[in-house]
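The values are calculated or read from the model by the stated rules, or taken from the named source; none is laboratory data. These numbers come from a predicted model, not from an experiment. When we count neighbours, we look across all protein chains shown, and the Cβ atoms used for this are built from the backbone with ideal geometry, even at glycine.
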């Protein structure tokens, strides 16, 4: 006959095992995948959802993806065609919108939701294939040569890589646009739209947003891959003048 102590021990072990199994199941069914892992996973998948705008989708998307704009009306209705037990793979430009969409889907009962970490920027940074609605690829607005000319300056050059749908990018926009006057004309600020310069971003390994790069005579002296306050930005500029 088992003693009360043994019974309590077995009960605790059972609870722990059950908790671990539930956690493993949750982690298995709700994941954020790297670009390469995402590419491998969708080889045999049908439900690939691009939650960007139609114009973004047309400019370049993952083969086999369906465009359902997260910010448009009817997202929930459009997703109703997919079974809640089936694997769903979602992505956007840099991971923000797809993260919101994935959270919504999980709360709505979808049990296997997978996100592309870093979105299309990470996908492109890993040189993975994409298709678009045009017969020929669209050239960057800023060539590699033009970029080099841009940063080869006697002034400090601050490059802001941004996208329209990047909330931190939009938050920094006002003080980036007025920064030159505040630092007495000793810095040149250039803002580069990543959607209009895909090849350049791939070459520079810009795979997330926002990204700031501060150059001095063509050499990076400081960079940031997250939202930066105006005070911190001015501090870095003054430090490298």
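Points worth noting:
- Qualifying residues in region 184-197 (those that are part of a helix (DSSP H, G or I) and either without any contact (Cβ under 8 Å) to a residue 60 or more places away in the chain or in contact with a helix residue (DSSP H, G or I) (Cβ under 6 Å, 6 or more places away or on another chain) (or both)) - the one surrounded by the most Cβ atoms within 10 Å (Cβ to Cβ): 194
- Only one of 150, 120 that is in a helix (DSSP H, G or I) and assigned by TED's automatic domain parsing to the domain that holds residue 33: 120
- Among the residues of this structure, residue 167 counts as one that is outside the structural domain of residue 42 (by TED's automatic domain parsing) and within 30 Å of residue 87 (Cα to Cα).
- Filter result for residue 131 (surrounded by fewer than 15 Cβ atoms within 10 Å (Cβ to Cβ) and either in contact with a helix residue (DSSP H, G or I) (Cβ under 7 Å, 6 or more places away or on another chain) or not assigned by TED's automatic domain parsing to the domain that holds residue 227 (or both)): yes
- Residue check for residue 181: exposed (fewer than 15 other Cβ atoms within 10 Å of the Cβ) and either touching a strand residue (DSSP E or B) at 6+ places or on another chain (Cβ under 9 Å) or outside any helix (DSSP H, G or I) (or both): no
- Here the condition is being assigned by TED's automatic domain parsing to the domain that holds residue 232, surrounded by 16 or more Cβ atoms within 10 Å (Cβ to Cβ) and modelled with pLDDT of 95 or more; of 69, 160, it holds for 160 alone.
- Here is the figure for region 198-220: residues that are touching a strand residue (DSSP E or B) at 6+ places or on another chain (Cβ under 7 Å), touching a residue at least 60 places away in the same chain (Cβ under 8 Å) and farther than 28 Å from residue 92 by Cα total 2.
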